[in-house]
Ligand SMILES: [Ca+2]
Ligand SMILES: [Ca+2]
């Protein structure tokens, strides 16, 4: 028990150190899970366990459910494909519905997007636009081999028909930061034009235009045993995040 407590405190300290060093939005942290199953980009859970090997977070609040979730995992086998899943409660096809994923590749923050920051924006369920930072704003660039699909489907998190996005992006092609391991800044959002009261629902609830307040992919983890779900319940508490990482790491720690 004493060893466990020491390890827990070390994990918390390490995470707090990481967050301080990289100035990410406090409490919005995940780790890069290495996949055991390759996702099929078809806008739905192709199998019941397609995303069970990913790090899964609530889009808002602390509950994984119908209000929205997102998930991230990595295929490091050859092309460093980042795979993303976002589920929105949205069920209406509007021309200005929007998905956004931003990556701060070098995780160097800044209050405006820089050359190592990319924004992937999908509008109206039809059109992908990609941007790179200029130092002061976003500039449109050609799609860097990002593949995506969204569709109306059900899932274990929402039994009603709702929009589900699946997207893959090759780290090595996205930006000049290359296929480096984390840390990376990350921001994801969804917007339903039929629900303007909700507005843009984002993780973290900040701005795509301000990398210094993105969330943080703090590190990577290749120790997830095959078939083990690492679905994450509560993202808002730094200590909960640290505890979760501790619980995962504990599997592979040598006995003291
Ligand atoms: Ca799928
Ligand atoms: Ca909509």
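The table below lists the values:
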{"item": "Strands (runs of 3 or more DSSP E) contained in segment 119-221 and holding at least 1 residues within 16 Å of ligand 2 (Cβ to nearest atom)", "result": "127-133, 147-155, 158-170, 184-191, 201-203"}
{"item": "Checking residue 141 against (1) in contact (Cβ under 8 Å) with a residue 40 or more places away in the chain; (2) more than 21 Å from residue 182 (Cα to Cα), the condition it does not meet", "result": "(1)"}
{"item": "Failed condition for residue 88, given (1) touching a residue at least 40 places away in the same chain (Cβ under 8 Å); (2) over 23 Å from residue 209 (Cβ atoms)", "result": "(2)"}
{"item": "Residue among 99, 45, 70 that is farther than 19 Å from residue 119 by Cα and within 16 Å of ligand 1 (Cβ to nearest atom)", "result": "45"}
{"item": "Residues within segment 75-110 that are part of a strand (DSSP E or B) and either more than 10 Å from ligand 2 (Cβ to nearest atom) or in contact with a helix residue (DSSP H, G or I) (Cβ under 6 Å, 6 or more places away or on another chain) (or both), tallied", "result": "14"}
{"item": "Scan of segment 28-62 for residues that are part of a loop (DSSP other than H, G, I, E, B), in contact with a strand residue (DSSP E or B) (Cβ under 9 Å, 6 or more places away or on another chain) and under 25 Å from residue 213 (Cα atoms), ordered by number", "result": "28, 54, 59, 60"}
{"item": "Meets criteria (surrounded by fewer than 20 Cβ atoms within 10 Å (Cβ to Cβ) and on the phi < 0 side of the Ramachandran plot) for residue 187", "result": "no"}
{"item": "Count - residues of segment 153-171 that are more than 16 Å from ligand 1 (Cβ to nearest atom) and surrounded by 15 or more Cβ atoms within 10 Å (Cβ to Cβ)", "result": "2"}
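Throughout, read-outs are computed from the coordinates displayed, never taken from laboratory work. A quick note: this is a predicted structure, and the numbers were derived from the prediction, not measured. Please note: Cβ atoms are built from the backbone with ideal geometry, for glycine as well, and neighbour counts cover all protein chains shown.
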